[in-house]
1. Kindly write out, for region B:68-85 in residue order, the coupling ³J(HN,Hα) from the Karplus curve 6.51 cos²θ - 1.76 cosθ + 1.60 (θ = phi - 60°), rounded to whole Hz, with x marking Gly and Pro.
2. In nm, to one decimal, how far is the A:PHE285 label point from the A:LYS223 one, both placed 7 Å along Cα→Cβ?
3. For B:ILE214, which sequence-distant residues (separation of 5 or more, or a different chain) have an amide H within less than 5 Å of its own amide H, given hydrogens modelled in the peptide plane?
4. Quick one: with all protein chains in place, what share of the accessible area of the protein assembly as shown is carbon or sulfur, to the nearest percent (1.4 Å probe)?
5. In what sequence, largest accessible area first, do A:HIS25, B:HIS76 appear using a 1.4 Å probe?
6. Along region A:228-234, what does the Karplus equation 6.51 cos²θ - 1.76 cosθ + 1.60 (θ = phi - 60°) give for ³J(HN,Hα), rounded to whole Hz, x for Gly and Pro?
7. What residues qualify as long-range amide H neighbours of B:VAL186, i.e. H under 5 Å apart, gap of 5 or more or another chain, H built at 1.01 Å from N?
8. Assuming 0.36 nm per residue, please report the length gained on full extension of the stretch A:ASN123 to A:VAL21 beyond their Cα-Cα distance.
Amino acid sequence: MPRGVWFSVGVVLLFVVLPFVYGNHDLLFSMMMYLVLAQGINVLFGFTGYLPFGYVGFFGAGAYGMSLAILLLHFPPFAALIAGAAAAVLVALVLAPLLRLSGAYFAIASLAASEVLYYVISNPHLTSITQGPYGINLAAVYDSSASYAVMVAVLALALGMVVYLRNSRTGLALQAIREEPVSAGFAGVNVVRERTRAWLMSAALAGLAGGAYAWHVSVFYPKPVFDLNISVFAIVFTLFGGVATLSGPVVGTLLLYGLYNWIGISQPQYFQLVFGVVIVALVLFLPNGLVSLLRRVGANVP
Amino acid sequence: MCPSALLSVERLSKRFGAFAALDGLSLELAPGEILGLVGPNGSGKTTAINVISGVYTADSGTIRLEGRPVGNLPIHRRTRLGINRTFQVPKPFKALTVAENLEVAAVHSNAGREDIARHLDLLDLSPLADRQALTLNSAQQKRLDLARAMITRPRLLLVDELGAGLNPAELTRMAQMLQEIARSGVALLVVEHLLGFLRVLTSRVVVMDAGREIFEGSLEAAAKDSRVIDVFFGH
Ligand SMILES: Nc1ncnc2c1ncn2[C@@H]1O[C@H](COP(=O)(O)OP(=O)(O)OP(=O)(O)O)[C@@H](O)[C@H]1O
Ligand SMILES: [Mg+2]
């Protein structure tokens with residue numbers, strides 16, 4: 001059995017069982033959403049070294065792709081969800097040339113791209129297609145438990161993807177590219193193709209999360225689904241837990257998003273303080289994330 | 001072009017801005033042959049390796065492997081055709097273990113697990129197999145570079161200053177390894193500052209200066225050539 005399978009099954013089962021004993025289903029839903037986004041960041045950053053600040057653009061593309069497939073093409077929700085993922089992958093294909101940039105240039109360019117997408121979608125002149133600034137209303141297909149179930153499935157897929165990457169030749173090749181792209185070429189790795197594949201997989205995860213989110217909330221404005229904070233949260237959760245591992249982004253999201261919901265919403269000023277301190281401490285003392293601490297004491301974490 | 005040549009490079013040029021790092025370099029190399037490439041600092045030796053291996057594309061000139069032009073292929077395609085190299089400053093996958101470093105190359109060149117073990121052994125890396133590459137010293141990292149190249153079964157191997165920083169025992173061992181590699185039919189282009197080390201390997205050298213070949217022949221003859229003496233000791 002590949003490493004990490006039981007961990008993944010455990011996480012998924014947790015979200016299957018929790019709704020029966022815990023009433024705040026919206027919190028469970030957003031927790032799953034961030035788990036998926038964090039793993040999506042992990043696929044890209046952990047395995048290739050690209051940090052996409054504009055990651056939320058794929059999420060928004062997924063939310064809109066799903067919604068417009070329902071509103072304009074009258075797709076049933078499940079098919080529309082696939083359309084949402086396809087929209088995100090399409091955006092990723094268009095943006096694939098950004099992968100030629102490195103480091104901060106890539107991070108900033110991806111951020112700019114997601115802003116462009118936001119301005120296009122919220123443009124009042126496109127109201128007949130995208131509803132422009134007036135937002136989306138999917139009340140006709142609203143189904144809280146079906147959309148919850150879909151997010152559980154997306155979570156399972158995200159975890160499965162990372163399990164695959166941690167155990168496959170593709171994942172090893174991606175880590176080699178992250179470490180030393182030129183040497184990866186001399187190991188026979190088609191660097192451009194592997195990188196692009198990780199980029200598309202990562203975009204697909206965000207697109208699915210965005211689609212499931214759109215269905216779950218049913219009514220939303222463009223701003224919140226293109227909110228930069230979504231990128232920042234997913235990135236911080238991932239880095240906090242530890243990239244290129246399966247458990248790191250999960251641990252990071254559960255702890256930090258839990259903390260956010262515990263004190264962040266009632267007392268945002270304290271949350272910002274705690275969040276800031278956590279990030280600084282992390283960068284200074286645990287650059288490889290929380291799970292690296294467990295590794296250091298000899299634990300075999302997936 | 002010599003019919004038995006594995007590699008033939010003709011009038012290769014490469015500029016960085018206005019500066020010509022390679023200025024019409026030509027070379028030929030037969031299977032199993034070891035050619036030394038020497039020259040003062042900045043004469044373009046590493047650039048020659050970079051252009052032949054695909055890290056840079058030449059501005060003009062041709063690179064042929066068994067007559068087939070390869071000058072426009074990306075690195076991994078040249079690797080699959082049998083060109084590989086080591087780096088003056090080694091470039092291992094630092095966060096991966098030594099064995100994983102070789103595994104990357106093995107799976108992408110259809111080598112098996114037993115090839116990993118064999119190459120670890122061949123380059124005295126077996127005791128380090130489970131260490132992260134970043135914990136290796138520079139001599140060990142150079143052998144790891146070499147092992148990663150060898151596992152792809154190259155026909156042409158370009159090595160850049162493998163001798164630098166090795167102690168005498170390590171130098172002797174490295175020379176043995178390179179000789180074994182050449183005996184198996186691999187053509188070797190050896191960029192080297194340590195002429196004593198090079199003399200053990202081969203007698204044929206090309207001397208470069210300012211991106212051009214200024215001498216080709218035996219090391220002994222090179223030592224007596226006035227232009228060679230001039231570029232090494234003249235200024
Ligand atoms: N990527 C680059 N950008 C700009 N200039 C470069 C680049 N690579 C090499 N050069 C320049 O080209 C010239 C040749 O460099 P190269 O590294 O090929 O020399 P070398 O013969 O290998 O020298 P050394 O013996 O010091 O290793 C140098 O002047 C160097 O500064
Ligand atoms: Mg050099």
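1. Karplus-based 3J(HN,Hα) across region B:68-85 equals 8, x, 10, x, 10, 7, x, 3, 5, 5, 5, 4, 5, 7, x, 9, 8, 7 Hz.
2. 3.8 nm
3. B:VAL207, B:MET208, B:ASP209
4. Its accessible area is 62 percent carbon and sulfur atoms.
5. A:HIS25, B:HIS76
6. Running phi through 6.51 cos²θ - 1.76 cosθ + 1.60 with θ = phi - 60° gives 3, 4, 5, 4, 4, 4, 4 Hz.
7. Amide H neighbours of B:VAL186: B:GLY32.
8. Computed gain between A:ASN123 and A:VAL21 is 32.4 nm.
The values are calculated or read from the model by the stated rules, or taken from the named source; none is laboratory data. Because the structure is predicted, anything quoted here is derived from the model rather than measured. In this analysis, Cβ positions are derived from the backbone assuming ideal geometry, glycine residues included, and neighbour counts consider all displayed protein chains. The area values use the complete protein model at the heavy-atom level, side chains included, leaving out ligands, DNA and RNA. Shrake-Rupley method; radii C 1.70, N 1.55, O 1.52, S 1.80 Å.
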